[in-house]
Structure formats: C-alpha cells, structure tokens
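One structure below.
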C-alpha cells in the first residue's frame, strides 16, 4: 500500500481494500503458486501472527511485520496454497491472546469451524456480458420488477435434509423462477455467519460466501446462469451490525475497531448484536469495498440494505439521535456504486419517514433506488386480517397508501419478516373458512401486483403455504398436490404474467400520472376501483377489488374512454379455486355518467376477489 492508499483507507474512500488486505496467493509467471501474502489491520495489537494448518497453529512460527505506524501487519509465507486454513493470533495491548478470522477472507471453513481459508477468487469465466449490457441500457424505474425473496437453505433441501450447493440449485431454482415470471431473486444474507438461526443477518465474513452451500465460484456459476436466463440477483446485505462471536470483527484487536467505542450506542440489545461505527473511515472503506467486491466478482444486480432505521438513528430510535456519520456512509456507498455501475440497484428496508431516501445523492438525497413500503405492508395486512363485516370501518387502510405513494420510489414487500415469529403465513392471516382464506389471499396478491410500486414476495407465498416459514426445513412443496394450493399457485403465475405483459402496471410506478382512483369511497360495500395507466394514455387497465363475500351483477363502473373492455384476470375463476363469477364476454361502454366519467361499463363483481379489465384501444 502506498501513501495514497493509506490515506484513502483511513478517510473511508478506499474502494478496493480487499486487494490490499486479507490473504492473496502469489504465483510465478507460469501460474505456479509460490505462497500466500497476508495483511491485516490491527492498530491496537502488540503482536500479530498467522496460525494455520501449515504451522500446526503455532503463533511463534509466522509473526507478522508491522509495516507502518497505522497498524498494518504483513507477512509472506512460502508454500501456503489454496484451501489452507488460518487465523490471526493477536496479542492485545493488555496481554490477552485472541484468535480472529480474517475480515477480508474470500472463503471460510464451514460452521461450526470458524477459521478462514486461502482461496483463489480470480479465474471464473463469465457468460453474462449481454445481460449486463442490456441492464445498463435500461431505465429500471420504468421496467417490470418482481422480486422472489428466498433463503437458500430452506427453499428446497436434499432428501436427507442437507443443503443443496449453489451450483446444484441452478437446475432447480432457475426453471422455477422462469415458470413463475419473477424478474429477480433476492437471496437472504450469504456472507459467512456462525449460526443458522440468524439467517445470515449476523455475519463474520463479509467477503466470504458462506461455505454452507459450496465454494464462491459455485455461487458465481449460479448467478451467471441466472443472468443467462434473464433473472437478476439481489443480495441481502447487512452493513449496520455484526454478531458478537469472538472470532469475528467484534473487538478485533482487543479494543473497539469496527464498532463504536461508546457502549451505549454499540450494544444492540434487541438483536444481541454490535453496531458498526459507519462514520469511521476504516469501516467505510471496509464496507464500500465489500459492495465493490460483490459487484466485481459476483456480478450482483443490487443490494437490499437491512435495518436502515438502525443506521439513520442511533439504536434505531430517533429520540436517541440522528446518526449523521452513518447517513454520510449511505451517501458515499450510493455514490461509489453508481459511479462504478449506475444499473446496480440499492433497496432500503426502512420503517422511518426520514426524507429523500430515494433521491439521488447529487440532488441532496441518500441515494437509494427503492424503499420498502413498510407502511403499505402493515396497513394492508392489518386490513386483510379483519373480518369482512368490519372492513368498512377500516376502509382507509387500503386507500391511505396512495397519499404518500410518490414521496419515495417504493417496492411493496411481503417478506420473510411477515411470516415468522407467530405472525402466521399470508393465507393463514386471512379471516373466514378455508375457501374464504384462499379468496382473501388471492385478492391480496392481486392488490400487490396492481398497486403502484415494484413487488417483492417471500418464498412459499406463491402457493399459499399454510404454515409459517420454517428456517430449518424446506418449503411445504407437498401442498401443491392439494387443489386449493395448486390453484392458488396457478393464480399467482397468471397474475405475474399479466403484470409482465401489460406495461401500464409498471411503466409509471413512480409517476402520479400512472394511477387514478375510480371510486375509493365505497365504504359500505368495501369495493375499490382504480385505473393503472402506461405512458400511452390509451394503455390502461381498470382494477376492481371486492373485499366482502357479497357478489354483484350489472355493477356499473365509470371508465375514461368509450369502446370495448375485456376482463383479462379474475381471481374468482374456478381454475383459481373461486366460485366462477366473472366477465367472460366483451364489455361495451354505455352512455351513463358514473364516477366522474361520461361512460360506464356494467360488470359482474365476484366475492372476495380482484378483477383486471383491459381497455382495447385497437377498436378505434
């Protein structure tokens, strides 16, 4: 590292710190491995050495050299090759001996083992250049975006209950995503982590794809094949907090290094984790370089940033104070990513009302592309959990989301957080008998995919899994053998097809011109009707949502254009498990004033359902 690198590292502006720190194989001109170079930052340490299976874990054998006053230690060890296991042995300022995994290691031993492994991260031959070029040439704000969130370990397991490897998932996962029409997958955290039950949200190896599912190049292969199939891959990423396991970043050199020195804001008692000091230069360099690493070596399409409220406010509590250093980190992260590749997306999982989250950094914002709409999710699920007889008293829970729908660029999440810890699965949240639960579920899915905002659905939601998510077991795939679950799955597949086919459902997601209420005040009948417009004003669909079990015939809905309308999807069809009340023939407008329009259509409205009706402008 030269003086400029050291300056940038300490200022939080070194974007490729992984090229300097960690373990790196040294090869001759013919590619033969000569040994491994080790470098680590431990400014509070007295002595640092490398211990591993190559020196019988003897801390006296390979003592590292302190190469500058900043606390960087280095050693080259001959004949140490790929797959070698190692740790750093650190003698702290207080004489304590601790053993730490390498913060910049490219690979780690599989849990319960905690050591790092030397790994050759270079050399994978990618085949996704056409996909990446196409991604860069798109305005993703005006493109369809439907995300399938999954946990690799419990999506599908082997017959003996063990995990599939990254490369083994290629032939299972990709056809499934294609069949369902999702544009992206979002993988729950796959950085190395010691405890399965943390789901990856308490990491120790930020540069190390977890060994649970294979080696890093197997993950590259999975992402490569996803891209070849036209499927984007979003990485769930946790820059705000770490686990307290002794081999990780926690008190790395015996004193707070990556975390806050002040214990009052360091300890995250709710999660049992440690908050990283995101305003500190070396932490910013570590994390921004980490994002650059996943973009460069794994070609990820985006990052879902976990627990943004815990970043914006100390301990996630606005009354404790705004964390301006962490906010600057978020801005620097966005700027660095967009400067590298503007098409890589940033998603904020945030429950606060902190402004301008999805405004560009250069325009004074934080720089996210999308914010999870937690308000829409909470209000919608709260509404759907109510017995239909009481819904008229809570009508505004559905309409209120449009009051702030354009304050940020939103994605509508029905994520893993909503189907764990006693919250029930999506279908089991629904009131009523067996039939009504599924009818409500289909209406919920329909509302999500027709409401302004991009979409995210957690695995199992696509076939109405009845149980909550079980992180130690695979999804209840056997449910697809039951008619109602199979039909629910067919509805979701057809719903996503309609979403993908009709651009009015995504072109103007973030533009008020893309949405108009027809009738949002029908409290007594709990019927909602609205229009989704595309950029061409004659490209629109009418959506009718009936959230009581009462059916109606010859129900008149005002429409903006005269002519012919055609129902393209109705959740009450028997093929989806419904009562088969739908509009099977063309709907011709009649000259009757309704809902502020000079013409209307007369429709059948089925119970607990959603109907999507397309205007056919080819008739003129």
Just one listed residue, out of 606, 600, is modelled with pLDDT of 95 or more and closer than 27 Å to residue 444 by Cβ, and it is 606
Open item on the list: Looking at the structure I just gave you, is residue 123 in a loop (DSSP other than H, G, I, E, B), touching a strand residue (DSSP E or B) at 6+ places or on another chain (Cβ under 8 Å) and within 18 Å of residue 215 (Cβ to Cβ)?
Closed with: no
| said: Quick check on the range 558-568. Is at least one of its residues touching a residue at least 60 places away in the same chain (Cβ under 8 Å) and either under 25 Å from residue 181 (Cβ atoms) or crowded, with 22+ Cβ neighbours inside 10 Å (or both)? | reply: yes
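Select from the range 453-474 the residues that are free of Cβ contacts under 8 Å to residues at least 60 places away in the same chain and under 30 Å from residue 511 (Cα atoms) and list them in ascending order.
First, pick out the residues of the range 453-474 that are free of Cβ contacts under 8 Å to residues at least 60 places away in the same chain: 460-461, 463-468.
461, the sole residue that qualifies.
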When residue 126 is run through (1) more than 30 Å from residue 491 (Cα to Cα); (2) free of Cβ contacts under 8 Å to residues at least 12 places away in the same chain, the failure sits at (2)
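Which residues, counting only those in the range 174-187, are under 26 Å from residue 306 (Cβ atoms) and either at pLDDT below 95 or in contact with a helix residue (DSSP H, G or I) (Cβ under 7 Å, 6 or more places away or on another chain) (or both)?
Within the range 174-187, the first condition is being under 26 Å from residue 306 (Cβ atoms), and the residues that meet it are 174, 176-177, 180, 182-187.
Residues satisfying the conditions are 174, 180, 182, 185, 187.
Taking residue 112 as the residue in question, decide whether it is exposed (fewer than 11 other Cβ atoms within 10 Å of the Cβ), at pLDDT 95 or above and either touching a helix residue (DSSP H, G or I) at 6+ places or on another chain (Cβ under 9 Å) or assigned by TED's automatic domain parsing to the domain that holds residue 31 (or both). So that I can check it myself, show each step before the final result.
Numbers: exposed (fewer than 11 other Cβ atoms within 10 Å of the Cβ): yes; at pLDDT 95 or above: yes; either touching a helix residue (DSSP H, G or I) at 6+ places or on another chain (Cβ under 9 Å) or assigned by TED's automatic domain parsing to the domain that holds residue 31 (or both): yes.
Answer is yes for this residue.
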Just one listed residue, out of 24, 20, 62, is buried (at least 18 other Cβ atoms within 10 Å of the Cβ) and more than 23 Å from residue 295 (Cα to Cα), and it is 62
Based on what the data block shows, is residue 79 exposed (fewer than 14 other Cβ atoms within 10 Å of the Cβ), in the same structural domain as residue 26 (by TED's automatic domain parsing) and modelled with pLDDT of 95 or more? yes
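The values are calculated or read from the model by the stated rules, or taken from the named source; none is laboratory data. Everything quoted here is computed from the prediction, not taken from an experiment. For neighbour counting, all protein chains shown are included, and Cβ atoms are generated from backbone atoms with ideal geometry for every residue, glycine included.
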